[in-house]
Amino acid sequence: MVKKKKIKKVLVVLGGTSGERAVSLNSGKACIKALKKKKYLVSKFDPKFKNFNLINKKKVDVIFNALHG
(Lines give C-alpha, C1' and ligand atoms only; values in the text may rest on other atoms or scores of the structure.)
Protein backbone atom coordinates (compact mmCIF):
# COMPACT_ATOMS: atom_id res chain seq x y z
CA MET A 1 0.00 0.00 0.00
CA VAL A 2 1.40 3.37 -1.05
CA LYS A 3 0.93 6.20 1.40
CA LYS A 4 0.03 9.59 -0.08
CA LYS A 5 2.10 12.50 1.17
CA LYS A 6 -0.03 15.13 2.81
CA ILE A 7 0.60 18.67 1.61
CA LYS A 8 1.54 20.88 4.54
CA LYS A 9 3.93 23.58 3.32
CA VAL A 10 2.81 25.91 0.53
CA LEU A 11 4.86 28.63 -1.15
CA VAL A 12 2.79 31.41 -2.75
CA VAL A 13 4.57 33.25 -5.57
CA LEU A 14 3.15 36.77 -5.85
CA GLY A 15 4.00 40.30 -6.95
CA GLY A 16 6.58 40.21 -9.69
CA THR A 17 7.56 43.05 -11.99
CA SER A 18 4.71 43.25 -14.51
CA GLY A 19 2.12 45.99 -14.70
CA GLU A 20 -0.19 43.59 -12.86
CA ARG A 21 1.96 43.63 -9.72
CA ALA A 22 -0.69 45.24 -7.50
CA VAL A 23 -3.35 42.74 -8.60
CA SER A 24 -0.93 39.85 -8.03
CA LEU A 25 -0.10 41.08 -4.52
CA ASN A 26 -3.80 41.26 -3.67
CA SER A 27 -4.49 37.80 -5.13
CA GLY A 28 -1.50 36.34 -3.34
CA LYS A 29 -2.49 37.84 0.00
CA ALA A 30 -6.02 36.45 -0.38
CA CYS A 31 -4.59 32.99 -1.18
CA ILE A 32 -2.27 33.15 1.83
CA LYS A 33 -5.15 34.09 4.12
CA ALA A 34 -7.33 31.22 2.82
CA LEU A 35 -4.51 28.68 3.05
CA LYS A 36 -3.64 29.70 6.61
CA LYS A 37 -7.29 29.39 7.57
CA LYS A 38 -7.11 25.78 6.34
CA LYS A 39 -4.06 25.24 8.59
CA TYR A 40 -1.38 25.11 5.88
CA LEU A 41 2.10 26.41 6.64
CA VAL A 42 2.44 29.23 4.13
CA SER A 43 5.38 31.30 2.97
CA LYS A 44 5.55 33.86 0.18
CA PHE A 45 8.02 34.59 -2.58
CA ASP A 46 8.19 37.81 -4.62
CA PRO A 47 10.40 37.50 -7.72
CA LYS A 48 10.78 41.29 -7.78
CA PHE A 49 13.20 40.94 -4.89
CA LYS A 50 14.62 37.42 -5.34
CA ASN A 51 15.55 35.24 -8.30
CA PHE A 52 13.34 32.20 -8.95
CA ASN A 53 16.43 30.02 -8.63
CA LEU A 54 16.47 30.83 -4.91
CA ILE A 55 13.28 28.85 -4.29
CA ASN A 56 14.26 25.84 -2.23
CA LYS A 57 11.89 23.17 -3.53
CA LYS A 58 12.92 20.79 -0.76
CA LYS A 59 11.40 23.04 1.89
CA VAL A 60 7.90 23.23 0.36
CA ASP A 61 5.38 20.62 -0.72
CA VAL A 62 3.68 22.73 -3.38
CA ILE A 63 4.10 26.10 -5.10
CA PHE A 64 1.01 28.21 -5.80
CA ASN A 65 1.50 30.70 -8.64
CA ALA A 66 -0.40 33.96 -7.98
CA LEU A 67 1.55 36.00 -10.55
CA HIS A 68 -0.40 38.01 -13.14
CA GLY A 69 0.57 39.49 -16.47
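The values are calculated or read from the model by the stated rules, or taken from the named source; none is laboratory data. Predicted, not measured: the structure shown is a model, and the values here were computed from it. Every residue, glycine among them, receives a Cβ derived from its backbone with ideal geometry; neighbour counts consider all protein chains shown. Just the protein is used for accessible areas: all its heavy atoms, side chains included, with ligands, DNA and RNA removed. Shrake-Rupley method; radii C 1.70, N 1.55, O 1.52, S 1.80 Å.
With all protein chains in place and ligands, DNA and RNA left out, the 1.4 Å accessible area ranks Leu14, Leu35, Leu54 as Leu54, Leu35, Leu14, largest first. Of the chymotrypsin sites (Phe, Trp or Tyr not before Pro) found in region 27-69, those that fall in a DSSP loop while having at most 14 other beta-carbon atoms within 10 Å are Phe49. Taking amide H as placed 1.01 Å from N in the peptide plane, Phe64 has its amide H under 5 Å from the amide H of Leu11, Val12, Val13, each at least 5 places away in sequence or on another chain. Applying a threshold of 23 Å to the alpha-carbon distances of Lys29/Lys59; Lys4/Lys50; Lys4/Lys44; Lys9/Lys29 flags Lys4/Lys50; Lys4/Lys44 as lying beyond it. Over the chain, with every protein chain in place, what whole percent of the accessible area is carbon and sulfur at 1.4 Å, could you tell me? Ligands and nucleic acids excluded, carbon and sulfur give 57 percent. Taking every C-alpha pair closer than 8 Å and separated by at least 6 residues, the mean separation divided by the residue count of the chain gives a relative contact order of 52 percent.
Treat every Asp and Glu Cβ in the chain as -1 and every Lys and Arg Cβ as +1, leave all other atoms uncharged, and give the resulting dipole magnitude about the Cα centre to the nearest 20 debye.
In debye, rounded to 20, the chain gives about 620.
To the nearest ten degrees, helix 21-37 and the longest principal axis of the Cα atoms of the chain are 20 degrees apart.
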